[in-house]
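Visitor: Handing you this structure, nothing more for now.
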Amino acid sequence: MKYLGKWLIPFVAAIAVFIGLQFDSGLYTKPVGQVEAVKVVKTTTHQDEDENRDRIVKQQVLVRLLNTAKRGKRITMHNTYSFSGALDNKLRVGEQVFLDVDKGAYTLNNVKRDAILAALLVLTFGLIFLVMGRRAWLTSISILLNTLIFFVAVEWEIGSKQWQAWWLFAILAVIFTVLTAVFIVGLKPIAATIASGALLATAVAVALGYGVMTLTNFSGIHFEEVKYATQTPQLLFFGQIVIGSLGAVLDEASDISVAIFQLHDTAKERFRAGMAIGRNVMGPLISVLFMIFIADTFMESVLWIRNNNSIAQTVIWVMGLGFAQSLISAFGIVLAVPMTSGLAAMIAKMKRVKA
Amino acid sequence: MNTILALALVLLVMMFIVGGKQGLSNFFALTVNALLMILVVILMASGFNPIIVAIIFGLIILASTIFLSTSQLSVAGPAFVSSLLIMTLLVGLILLTMTLSQTAGFGPEDSEALEGFSVYIGVSFPHVLIATTLLGTLGAIAEAAIAVAAGMNEIKDQASDAGLNKWDTRLSERR
């Protein structure tokens, strides 16, 4: 029972944080309100050119202001939402929202999401600490540090705009890899093995991917569909692959290296052991990335098919980039097996000769 | 030749060289999952409830990923069962958090991509987002379950309380 109770702690903490952050509206300068009552004013059916039927609902919302000078005041406003909800949200009683105010008239700006976000963060880190024990500190610091570096780099990129995003991501990849490897095993030769194995595999994978794409003339690859690309979409696409696959490749490289450094066999046997481990983990690791990359395209794919595009067209245009990304990431995961095994076997041997 | 097919072919060759028969089996699992994911999109777009579609196909994808990734039944069995438990837990958590966070659909930054599209398509984007989240996590769940089950299978003979403690210290030392 005591053991089970321990697992409830993160959930209870998450709920507590969620409730606590219902009272943080004083921290915002933007007006925040809580929905106290909703009433449907009008429901219309909408039919578009492709015969899609949707329901559009106009609701009257009673909102109590939670901050600014008008605190405590109740206002009414209107909110229109659709059943499909592509660009709008249905408001529910109890929910908190940000408001825009113009000459005393309030309109919905956005849903306030800080409480649920913070609750999820608490739950995630709580579970990490429960599962990993003392080691959780290192993992958490490594995650936070990587996140911080990423934010700073992106901010800097947006500020200067001089750099191609590709170089930024390439440098970031090196920093992430080295930092994470050091956090996993400490400042030891094995960290160098992990980092160089992962980086080498990723670099060769991207080069190989680019080579195959060039040879086949990019047929069926629609870079114009790369999202939010304001500069060369190709480079952004490869940047996504590098950063996206790094975690999986690092995971694999550290599994292999740690095991090889523990063995006391000849270099050849060590290499073979590394290959055996890699062989077992590469399949599942590829499906990790694959599922994420493809599931990411769901919303747009459904939108495309519903807008009277054929299934083939949707698969090629929308899901195609996801497939290409998964495949090139998979190159990295497969290549990391022999590369890390070789490097680790070599470096482990050198270390033994020295000792 | 089509680029995606060429990339897939190169991957197939590499997986065979590195992984042999196991590599081929992994590649087969990947192909099956790719077809299943396309089928999921088609079903969601034809009006089936995305959440139910995601749960049903989630089970199939978990099964194909786990049972095609490892040939040992003593690893695949426990991995599959624990993945199912985690998936059940996650369905609840995802339904709750996605409902509370209301992050589905498109933002102002998507306006360029949405140009020319009708967004009132009669398919609930919040439901599609739940499907995306659920299926997006399955690969990671399967991977972790297989890794733990395979590791425990390796050490099962030496597993006594004292032995496990030793493993624990050894693990923390090497890390």
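The values are calculated or read from the model by the stated rules, or taken from the named source; none is laboratory data. All of these numbers come straight from a predicted model, not from anything done at the bench. Ideal geometry is used to build each Cβ from the backbone, glycine not excepted, and the neighbour counts take in all protein chains shown.
Visitor: Would you be able to say whether some residue in region B:70-84 is free of Cβ contacts under 8 Å to residues at least 24 places away in the same chain, surrounded by 17 or more Cβ atoms within 10 Å (Cβ to Cβ) and not polar (S, T, N, Q)?
Guide: No; the residues of region B:70-84 include none that is free of Cβ contacts under 8 Å to residues at least 24 places away in the same chain, surrounded by 17 or more Cβ atoms within 10 Å (Cβ to Cβ) and not polar (S, T, N, Q).
Visitor: Restricting to strands (runs of 3 or more DSSP E) lying wholly in region A:8-114: which have 2 or more residues that are surrounded by fewer than 16 Cβ atoms within 10 Å (Cβ to Cβ) and hydroxyl-bearing (Ser, Thr, Tyr)? Walk me through how you get there before you give the answer.
Guide: Details: elements: A:32-47, A:53-65, A:74-82, A:96-102, A:105-111.
Per the criteria, A:32-47, A:74-82.
Visitor: Further question on the same structure: How many of the residues in region B:130-143 are more than 10 Å from B:SER82 (Cα to Cα), more than 7 Å from chain A (Cβ to nearest Cβ) and of a type in the set (A, V, I, L, M, F, W, C)? Steps first, please.
Guide: So in region B:130-143, the residues more than 10 Å from B:SER82 (Cα to Cα) come out as B:130-140, B:143.
Of the ones still in play, those that are also more than 7 Å from chain A (Cβ to nearest Cβ) are B:130, B:133-134, B:137.
After this cut, where a residue has to be of a type in the set (A, V, I, L, M, F, W, C) as well, the list is B:130, B:134.
The qualifying residues number 2.
Visitor: A further question follows. Going by the structure shown, is A:GLY274 of a type outside the set (D, E, K, R), in contact (Cβ under 8 Å) with a residue 40 or more places away in the chain, touching a Pro at 6+ places or on another chain (Cβ under 8 Å) and crowded, with 18+ Cβ neighbours inside 10 Å? Break it down into steps so the answer makes sense when it comes.
Guide: On the way: of a type outside the set (D, E, K, R): yes; in contact (Cβ under 8 Å) with a residue 40 or more places away in the chain: yes; touching a Pro at 6+ places or on another chain (Cβ under 8 Å): no; crowded, with 18+ Cβ neighbours inside 10 Å: yes.
It is false that A:GLY274 is of a type outside the set (D, E, K, R), in contact (Cβ under 8 Å) with a residue 40 or more places away in the chain, touching a Pro at 6+ places or on another chain (Cβ under 8 Å) and crowded, with 18+ Cβ neighbours inside 10 Å.
Visitor: What number of residues within region B:73-122 satisfy the criterion of being hydrophobic (A, V, I, L, M, F, W, C) and over 25 Å from A:ALA119 (Cβ atoms)? Working first, answer last.
Guide: Taking region B:73-122 first, the residues hydrophobic (A, V, I, L, M, F, W, C) are B:73, B:75-76, B:79-81, B:84-87, B:89-91, B:93-96, B:98, B:100, B:104, B:106, B:113-114, B:117, B:119, B:121.
Within this subset, residues satisfying the condition of being over 25 Å from A:ALA119 (Cβ atoms) are B:73, B:75-76, B:79-81, B:84, B:113-114, B:117, B:119, B:121.
Residues in region B:73-122 being hydrophobic (A, V, I, L, M, F, W, C) and over 25 Å from A:ALA119 (Cβ atoms): 12 in total.
Visitor: Here is a follow-up. Filter the helices (runs of 4 or more DSSP H) completely within region B:1-102 down to those with at least 1 residues that are facing chain A (nearest Cβ under 10 Å) and closer than 28 Å to A:ILE316 by Cα. Give the derivation first.
Guide: Values: elements: B:3-45, B:50-69, B:73-101.
Per the criteria, B:3-45, B:50-69.
Visitor: Out of region A:153-162, which residues are farther than 13 Å from A:LEU235 by Cβ and either surrounded by fewer than 16 Cβ atoms within 10 Å (Cβ to Cβ) or modelled with pLDDT under 85 (or both)?
Guide: Within region A:153-162, the first condition is being farther than 13 Å from A:LEU235 by Cβ, and the residues that meet it are A:153-156, A:158-162.
A:VAL154, A:GLU155, A:TRP156, A:ILE158, A:GLY159, A:SER160, A:LYS161, A:GLN162, listed by residue number.
Visitor: A further question follows. Out of A:MET319, A:MET299, A:MET339, which single residue is more than 30 Å from A:SER257 (Cβ to Cβ), touching a residue at least 12 places away in the same chain (Cβ under 8 Å) and hydrophobic (A, V, I, L, M, F, W, C)? Before the answer, list the steps.
Guide: On the way: A:MET299 fails: touching a residue at least 12 places away in the same chain (Cβ under 8 Å); A:MET339 fails: more than 30 Å from A:SER257 (Cβ to Cβ).
Just a single option satisfies the conditions, and that option is A:MET319.
The rows are residues; the columns are (1) at pLDDT below 95; (2) under 23 Å from B:ASP110 (Cβ atoms); (3) in contact with a Pro (Cβ under 9 Å, 6 or more places away or on another chain).
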| position | (1), (2), (3) |
| --- | --- |
| A:LYS73 | yes, no, no |
| A:GLY85 | yes, yes, yes |
| A:ASP88 | yes, yes, no |
| A:LYS103 | yes, no, no |
| A:VAL111 | yes, yes, no |
| A:VAL122 | no, no, yes |
| A:THR139 | yes, no, no |
| A:LEU144 | yes, no, no |
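Visitor: Tell me which residues, restricted to region B:114-128, are at the interface with chain A (Cβ under 7 Å from one of its Cβ atoms) and either assigned to a helix (DSSP H, G or I) or of a type in the set (Ser, Thr, Tyr) (or both).
Guide: Listed by number, the residues that qualify are B:SER118, B:TYR120, B:SER124, B:PHE125, B:PRO126, B:VAL128.
Visitor: For residues that are of a type outside the set (A, V, I, L, M) and assigned to a helix (DSSP H, G or I), scanning just region A:246-265, find the one that is surrounded by the fewest Cβ atoms within 10 Å (Cβ to Cβ).
Guide: The first filter runs over region A:246-265 and keeps only residues of a type outside the set (A, V, I, L, M), leaving A:247, A:251-252, A:254-255, A:257, A:261-262, A:264-265.
Filter again for assigned to a helix (DSSP H, G or I), leaving A:247, A:251-252, A:254-255, A:257, A:261-262.
Details: A:GLY247: 17, A:ASP251: 21, A:GLU252: 25, A:SER254: 23, A:ASP255: 20, A:SER257: 32, A:PHE261: 22, A:GLN262: 13.
Going through the qualifying residues, I end up with A:GLN262.
Visitor: Of all residues in region A:295-317, which are more than 9 Å from every other protein chain (Cβ to nearest Cβ) and part of a helix (DSSP H, G or I)?
Guide: Matches in region A:295-317: A:ALA312, A:GLN313, A:TRP317.
Visitor: What number of residues within region A:277-315 satisfy the criterion of being closer than 24 Å to B:VAL123 by Cβ and touching a Pro at 6+ places or on another chain (Cβ under 9 Å)?
Guide: Residues flagged as closer than 24 Å to B:VAL123 by Cβ and touching a Pro at 6+ places or on another chain (Cβ under 9 Å) within region A:277-315 amount to 2.
Visitor: Can you tell me which of (1) over 24 Å from A:PHE176 (Cα atoms); (2) modelled with pLDDT under 95 is the one A:PHE150 doesn't meet?
Guide: Unmet condition: (1).
Visitor: State which residue is surrounded by the fewest Cβ atoms within 10 Å (Cβ to Cβ) when the search covers only region A:212-245 and only residues that are in contact (Cβ under 8 Å) with a residue 24 or more places away in the chain and not in a helix (DSSP H, G or I).
Guide: Among those that are in contact (Cβ under 8 Å) with a residue 24 or more places away in the chain and not in a helix (DSSP H, G or I), it is A:GLN231.
Visitor: Listed residues B:ILE60, B:ILE52; which is surrounded by fewer than 16 Cβ atoms within 10 Å (Cβ to Cβ) and under 12 Å from the mean Cα position of the chain (by Cα)? Walk me through how you get there before you give the answer.
Guide: Details: B:ILE52 fails: under 12 Å from the mean Cα position of the chain (by Cα).
After applying the criteria, what remains is B:ILE60.
Visitor: Condition first: over 19 Å from the mean Cα position of the chain (by Cα), buried (at least 16 other Cβ atoms within 10 Å of the Cβ) and within 14 Å of another protein chain (Cβ to nearest Cβ). Now tell me which residues in region A:163-188 satisfy that.
Guide: A:ALA181, A:VAL182, A:PHE183, A:ILE184, A:VAL185
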